[in-house]
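Q: Have a look at this one.
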Amino acid sequence: TFSISPSKEEIAHLRRTIADTKQTLLESGEAIPSTLEDDMMRNYLKDYAIQCMDAYARNFGHPEIHDNRDLMWFGMVEKDRYWKSHDPQVRTNSRKDDSVQRRIAALEAQYIRESQVRSGGRDEILRAMMPKAGDNWHIHVTVSRRDITNSINLSPNANGRGSKNHVLNGKAVRIGFDREAYKIECERLFDRLFAHHRLQTESYVGSKLFRHMSGFVFEEQLAQDRAVRGAEAA
């Protein structure tokens, strides 16, 4: 199992696209359903997930595996995320015992608030299963380790990196899953599908390159990219 989780910049881009559609409907005098924004976001992410699973299938380099229809998989688009009991911040709060609770008025500053660790978070004390603040749309995927015919093994843990040292039906084929290539392909799919312009630190390859150069170079570029997104939001 794995998640396909668009970044906050990618979600913001989809929000702007939805806002444009809503404005067009308003100007044409059409009624706007109360669920329009959620329905559009859900449909966008369903379409994106299908294309990502097409890329997942192609990434095996298997001559009999072409797209998502050759996989046995299930996806579920979700709107919310929750703080889990194993999150370090929640565990910190859980370790506070009854004596601390009795002195909570004096000691509550010791508790970690969501606003301290998450942009736009509430001032509430972090607890397990508290909904996380912000736009948290994402997709959960469950995919079989075998193809739709239940005859071909397809494990993304077999990291072949494009190796062609395998022969199938007399032909050299690439067997194995390149996880790096899959991440990059899913980014490209999002950008092409939603006409999204990705800034350098929002790119998997770009971010990795800047971090490799130095932490200072990465932070400098990150500040520039955040300024661009800030101007767009304004």
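The values are calculated or read from the model by the stated rules, or taken from the named source; none is laboratory data. Here the structure is a predicted model, which means the values were calculated and not measured. In this analysis, Cβ positions are derived from the backbone assuming ideal geometry, glycine residues included, and neighbour counts consider all displayed protein chains. The area values use the complete protein model at the heavy-atom level, side chains included, leaving out ligands, DNA and RNA. Shrake-Rupley method; radii C 1.70, N 1.55, O 1.52, S 1.80 Å.
Q: For segment 67-104, which residues satisfy the criterion of being open to solvent by 90 Å² or more (accessible area, probe 1.4 Å) and either aromatic (F, W, Y) or modelled with pLDDT under 80 (or both)?
A: F74, R95, D98, R102, R103
Q: Before we move on, is G61 small (G, A, S) and assigned to a strand (DSSP E or B)?
A: no
Q: Filter segment 105-114 for residues that are at pLDDT 80 or above and not polar (S, T, N, Q); which is most open to solvent (accessible area, probe 1.4 Å)?
A: Among those that are at pLDDT 80 or above and not polar (S, T, N, Q), it is A109.
Q: Suppose we keep only residues that are among the acidic types (D, E) and free of Cβ contacts under 8 Å to residues at least 24 places away in the same chain within segment 2-36. Which one would you say is most open to solvent (accessible area, probe 1.4 Å)? Quick ask: steps written out before the conclusion?
A: Initial filter on segment 2-36 (among the acidic types (D, E)): 9-10, 20, 27, 30.
Remaining after also requiring free of Cβ contacts under 8 Å to residues at least 24 places away in the same chain: 20, 27, 30.
Numbers: D20: 101, E27: 141, E30: 106 Å².
The selected residue is E27.
Q: Restricting the search to segment 116-151, which residues are free of Cβ contacts under 8 Å to residues at least 12 places away in the same chain and not in a loop (DSSP other than H, G, I, E, B)?
A: Of everything in segment 116-151, those that are free of Cβ contacts under 8 Å to residues at least 12 places away in the same chain and not in a loop (DSSP other than H, G, I, E, B) turn out to be Q116, R145.
Q: Please work out which residue is most open to solvent (accessible area, probe 1.4 Å), limiting yourself to segment 182-220 and to residues that are under 19 Å from K8 (Cβ atoms) and of a type in the set (D, E).
A: E219
Q: When segment 115-133 is examined, which residues are found to be within 22 Å of L45 (Cβ to Cβ), in contact with a helix residue (DSSP H, G or I) (Cβ under 9 Å, 6 or more places away or on another chain) and surrounded by 14 or more Cβ atoms within 10 Å (Cβ to Cβ)?
A: Scanning segment 115-133 gives K132, A133.
Q: In addition: Residues being without any contact (Cβ under 8 Å) to a residue 12 or more places away in the chain and assigned to a helix (DSSP H, G or I): count how many of those fall in segment 186-205.
A: 3
Q: Still on this model: When you look at P6, is it under 13 Å from the mean Cα position of the chain (by Cα) and part of a loop (DSSP other than H, G, I, E, B), yes or no?
A: Criteria met by P6.
Q: Sticking with this structure for a sec: Scan segment 43-53 and give yes if some residue there is in contact (Cβ under 8 Å) with a residue 60 or more places away in the chain, farther than 27 Å from G134 by Cβ, touching a strand residue (DSSP E or B) at 6+ places or on another chain (Cβ under 7 Å) and surrounded by 18 or more Cβ atoms within 10 Å (Cβ to Cβ), otherwise no.
A: No: zero hits.
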